[in-house]
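Below: the structure, in structure tokens.
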Amino acid sequence: MLVVEKCVKRVFCYFNFFVLGFLYSSSLHANNFAYMIVDGQSGKVMASHRADELRPPASLTKIMTLYLIFEAIQSGKINLQTKFSVSKRATQQEPCNLWLKMGATISVKDIIYALVTRSANDMAVTAAEGIAGSVEKFSALMNQKAKKLGMTRTKFYNQTGLPDKRQVTTAKDMITLSRALHKDFPREYAYFKTKTFYFNGKPIRNHNKMLNSFTGMDGIKTGFTFASRFNISVSAQRIGADGQPVRVFAVVLGGQTSVSRDKKAAELMEKAFKKLHATPRMQEVVATKDDIDEIVAQETVITENDIDEIVDKIDAAQQIQVLPEPTVKLKSQQKIKKAAAKFSNSKSVSKSVPKVTDVTPVAVSLKDPIDDILNGQSISVDINRDLPAGWVKPKSQFKES
């Protein structure tokens with residue numbers, strides 16, 4: 001009975017969502033962009049269009065929600081292991097949601113991941129109630145912080161970004177917020193490059209597809225309602241002509257589709273990087289000896305090649321799951337001996353292969369890299385996974401920190 005009730009509830013939520021969409025979309029047939037892009041170091045505006053025009057923020061609202069969560073952690077009011085209870089009000093939010101039941105508990109860390117990747121509305125309400133006691137009190141905190149940061153035209157009435165005619169922002173204000181979050185919480189900012197979050201064993205993928213398509217992209221948030229259309233706030237970093245990192249921030253509001261929105265953001269950022277004489281590659285982050293030693297300490301037997309492979313796969317804010325054990329089983333020791341003998345007689349091998357006496361499956365595991373970020377330790381990153389066609393990926397280099 002509970003399963004049926006839950007299914008009916010979901011269908012009803014989606015029905016309302018798409019009915020509203022039909023009403024709004026009938027009057028929108030083309031991109032209606034408002035945008036701004038700035039130099040991350042100097043704050044210089046490199047391009048803008050309708051940057052002060054009031055627009056619905058949609059889920060870009062959650063950038064402020066996350067800002068206040070990070071601030072509460074920084075002040076010691078809560079920590080990543082703090083558990084918040086899911087209220088009835090949280091379960092009544094329209095999609096997207098994490099769909100936890102009323103009374104369930106969830107850690108602050110999982111709430112952060114759910115907001116960054118799925119943009120879960122129920123988790124935004126859960127965080128607001130857990131930190132401030134109610135969504136109304138949390139909204140007041142959001143407006144106080146917006147005023148303090150210089151967001152002169154933004155008004156918040158909820159933590160989700162779900163439709164509310166009173167809730168408005170501008171491209172300029174969202175640039176201000178994005179830059180403030182990166183400046184005030186540089187370590188926590190790493191959450192925004194999480195591509196996949198695993199919750200209860202199920203993968204939840206980030207809505208920000210530019211993490212895969214734009215070189216140097218490392219955040220931060222997308223948003224959509226039928227009133228706002230497709231919004232995005234993004235930031236990327238590359239290497240300048242002088243060898244120093246170059247960062248730009250861009251906000252694009254009002255795309256008719258996510259594709260046109262992302263295309264516009266990419267176009268603006270490429271032009272900005274060109275003006276700043278940045279090369280089309282990311283900042284290099286070198287793995288330290290301590291990083292490698294820490295990885296090796298967690299494993300039973302790892303070769304140098306294994307270490308290279310592991311370091312290449314580490315992503316700063318992505319949870320790495322335990323690799324499965326080998327599924328292929330050798331039928332007999334006789335086959336092992338024959339294979340070893342055949343291999344040792346091969347012309348391509350100069351040294352004999354030792355006799356194989358046993359086969360021991362080894363599982364490789366890594367802890368969540370975001371823990372190292374928040375503890376102030378250096379991390380390993382695949383710096384060139386998004387290199388454009390024609391660029392050659394350099395070999396990993398390891399230096400002592």
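Taken across segment 193-206, residues that are in a helix (DSSP H, G or I), surrounded by fewer than 17 Cβ atoms within 10 Å (Cβ to Cβ) and out of contact with any Cys (no Cβ under 9 Å at 6 or more places or on another chain) do not occur at all. Residues that are farther than 18 Å from residue 254 by Cα and in contact (Cβ under 8 Å) with a residue 12 or more places away in the chain within segment 27-69 comprise 38, 39, 40, 41, 43, 46, 64, 65, 66, 67, 68, 69, listed in sequence order. So for segment 141-161 (the condition being out of contact with any Ser or Thr (no Cβ under 7 Å at 6 or more places or on another chain), within 20 Å of residue 230 (Cα to Cα) and modelled with pLDDT of 95 or more), does at least one residue qualify? Yes, because at least one residue in segment 141-161 is out of contact with any Ser or Thr (no Cβ under 7 Å at 6 or more places or on another chain), within 20 Å of residue 230 (Cα to Cα) and modelled with pLDDT of 95 or more. If you go through segment 111-136 and pick out every residue that is surrounded by fewer than 21 Cβ atoms within 10 Å (Cβ to Cβ) and farther than 19 Å from residue 162 by Cα, you end up with 2.
Cβ separations smaller than 6 Å between residues 6+ apart or across chains give the following pairs from segment 255-280 residues that are without any contact (Cβ under 8 Å) to a residue 40 or more places away in the chain and assigned to a loop (DSSP other than H, G, I, E, B) to residues that are among the hydrophobic types (A, V, I, L, M, F, W, C) and surrounded by fewer than 17 Cβ atoms within 10 Å (Cβ to Cβ): 277/241. For segment 63-81, check the following and say yes or no: at least one residue is over 21 Å from residue 142 (Cα atoms) and surrounded by fewer than 18 Cβ atoms within 10 Å (Cβ to Cβ). Yes, segment 63-81 has at least one match.
Of the residues 78, 63, 69, the single one that is more than 15 Å from residue 114 (Cβ to Cβ) and in the same structural domain as residue 138 (by TED's automatic domain parsing) is 78. Within segment 169-186, the set of residues being farther than 14 Å from residue 51 by Cβ and outside any helix (DSSP H, G or I) comprises 185, 186. Scanning segment 215-229 for residues that are part of a loop (DSSP other than H, G, I, E, B) and over 14 Å from the mean Cα position of the chain (by Cα) yields 215, 226, 227, 228. Pairing each residue of segment 137-156 that is in contact (Cβ under 8 Å) with a residue 40 or more places away in the chain and within 13 Å of residue 71 (Cα to Cα) with any residue that is aromatic (Phe, Trp, Tyr) and not in a helix (DSSP H, G or I), provided the two are 6+ apart or on different chains, yields C-beta distances under 6 Å for 142/156. Within the set 55, 50, the sole residue that is over 18 Å from residue 189 (Cβ atoms), surrounded by fewer than 18 Cβ atoms within 10 Å (Cβ to Cβ) and of a type in the set (D, E, K, R) turns out to be 50. Checking each residue in segment 249-266 for being touching a Gly at 6+ places or on another chain (Cβ under 8 Å) and closer than 7 Å to residue 230 by Cα picks out only 261. Scanning segment 110-126 for residues that are in contact (Cβ under 8 Å) with a residue 40 or more places away in the chain and of a type outside the set (Gly, Ala, Ser) returns 110, 111, 112, 113, 115, 116, 117, 118, 121, 126. Restricting segment 187-210 to residues that are without any contact (Cβ under 8 Å) to a residue 40 or more places away in the chain and under 14 Å from the mean Cα position of the chain (by Cα) leaves a set whose member that is farthest from residue 71 (Cα to Cα) is 203.
The values are calculated or read from the model by the stated rules, or taken from the named source; none is laboratory data. Predicted, not measured: the structure shown is a model, and the values here were computed from it. Ideal geometry is used to build each Cβ from the backbone, glycine not excepted, and the neighbour counts take in all protein chains shown.
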